[in-house]
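Laboratory data are not the source of any read-out in this text; all were calculated from the coordinates shown. From a predicted model like this one, the values you see are computed outputs, not experimental measurements. Note that each Cβ is placed from the backbone with ideal geometry, even for glycine, and that neighbours are counted across all protein chains shown.
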Ligand SMILES: [Fe+2]
Ligand SMILES: [Fe+2]
């Protein structure tokens, strides 16, 4: 589900501009009074509140201060949209604990970047409720994930060492059979590729453990899971987030994430065969209909087959702004009914029983979350 950003501002032009900048990424809700915002927050808590210079007939500074004290809005980050630089207003806001101020004219891209940063920071603060070893796995994996994105943006090859360390923390959580709370907590994160990759990494590490592979190998396959879609970081964002059907050319470009992922992995230095297989073969299908190489049957070993199952399962059960996730059970049913011949249907029930043993109760497998 999309996160909601609430806007409180009398000025129609500002409201329109802010809405225009944000609505591709967030659900935007405009309010004319604090009461209306608080009422709406009881139904759907906004992830961010933007407050302009005047709200109704009250100064925005006073409104922002009151929202910050309102118990139903505690913890929601607030951005004050100022008409001009004003030291007095800045001091008043700082005293009320509101540190983020943007001065008009507002740059759309900057606003979007600010919103993303504040919302993400708030989500990650929620991780503090987890036991230390679970929190460690999340903090370390998001740090390396962001680090990989930064390295690629700067034309540098990421290093495998820190990725393996972060995945070792994840494997420790797997060993304690404590994956449920961790996976629950990351569901609301707004970096969808991270969430997808983390779920994939956790599930493939579980699989490795269940077939008796030792910890170092569990860590390796977890690295493969975390990096399996690293090639997606080279695909333009508008394509990754496109909600309409892709054109054949766009589809080809999307598929290229597998080969660019493998190239990036090679540039990162030596890696195990398992990691290479996960990156290169998670879209291959047993009947040869997959990509990029159209491998089939015996050309795909158990790890490649499990990677394909996990990728489809995660895709069907991941939360995305434009679709309702399937419950794990509905996903298993759909895979068994519509992907026979493509996926290994002997491994599929094994994966389901691993999830039942380590992650979900029977009831949770039936519920979409
Ligand atoms: Fe992929
Ligand atoms: Fe994937």
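On C-alpha positions alone, give me the angle between the axis of helix 302-317 and the longest principal axis of the chain, in degrees, nearest 10.
30 degrees
Subtracting the Cα-Cα distance from 0.36 nm times the residue separation, let me have the gained length for residue 99 to residue 350 in nm, one decimal.
Stretched fully, the residue 99-residue 350 segment lengthens by 85.3 nm.
Quick check on the chain: of the DSSP beta bridges with both residues there, what percent are antiparallel, nearest 5%? Let's see the in-between values first.
Numbers: 3 of 20 bridges.
Roughly 15 percent of the beta bridges in the chain run antiparallel, per DSSP.
Have a look at 355, 130, 16 and tell me which one the Gaussian network model of the chain (Cα, springs below 10 Å) gives the largest fluctuation.
16
For residue 36 paired with residue 244, estimate the spin-label separation in nm (one decimal), with each label point 7 Å from Cα along the Cα-to-Cβ line.
3.2 nm
State the Cα centre-to-centre distance between segment 190-224 and segment 313-344 in whole Å.
For segment 190-224 versus segment 313-344, the Cα centre distance is 19 Å.
Assuming a ≥ b ≥ c are the square roots of the Cα gyration tensor eigenvalues, decide whether segment 241-351 counts as rounded (a/c under 1.5), prolate (otherwise, with a/b larger than b/c) or oblate.
Since a/c reaches 1.5 but b/c is at least a/b, the shape of segment 241-351 is classed as oblate.
Which semi-axes, in whole Å and largest first, does the equivalent ellipsoid of the chain have when worked out from the alpha carbon gyration tensor as the square roots of 5 times its eigenvalues? Before the final figure, lay out the partial values.
Working: eigenvalues 345, 90, 80 Å².
Equivalent ellipsoid semi-axes, largest first: 42, 21, 20 Å.
Could you sort 61-67, 111-117, 203-209 so that the peptide with the highest average Cβ count within 10 Å comes first and the rest follow in order?
Answer by packing, highest mean first, reads 203-209, 61-67, 111-117.
Whole number please: convex hull volume per residue, Cα atoms of segment 74-172, in Å³.
Measuring per residue, one finds 127 Å³ for the Cα hull of segment 74-172.
Beta carbons within 10 angstrom, averaged per residue: use that to sort the peptides 235-243, 26-34, highest first.
So the order, starting with the most tightly packed, is 26-34, 235-243.
Within 10 Å, count the other beta carbons around each residue, average over each peptide in 321-329, 245-253, 193-201, and list them highest first. Before the final figure, lay out the partial values.
Numbers: 321-329: 15.4, 245-253: 11.2, 193-201: 22.0.
The densest-packed peptide leads the list: 193-201, 321-329, 245-253.
What nm value, rounded to one decimal, do you get for the distance between residue 324 and residue 2 when each label is placed 7 Å out toward the C-beta?
In this crude spin-label approximation the distance works out to 1.8 nm.
Enumerate the residues in segment 222-250 having an amide nitrogen under 16 Å from the point lying 7 Å beyond the Cα of residue 124 toward its Cβ.
none
Please report 314, 167 as a ranked list, fewest other C-beta atoms within 10 angstrom at the top and most at the bottom.
Fewest to most other Cβ atoms nearby, the residues stand as 314, 167.
Can you put 350, 109 in order, fewest other beta carbons within 10 Å first?
Ranked by crowding around the Cβ, least crowded first: 109, 350.
If each DSSP helix of 4+ residues adds -39,500 (n - 2.57) and the sum is divided by the residues in the chain, what number results at 222 nm, nearest 500 deg cm²/dmol?
After summing the helix terms and dividing by the residues of the chain, the value is -17500 deg cm²/dmol.
Can you tell me the 0 to 90 degree angle between the C-alpha axis of helix 12-22 and the longest principal axis of the chain, rounded to 10?
10 degrees
How far is helix 347-358 tilted off the main Cα axis of the chain, in degrees rounded to 10, range 0 to 90?
50 degrees
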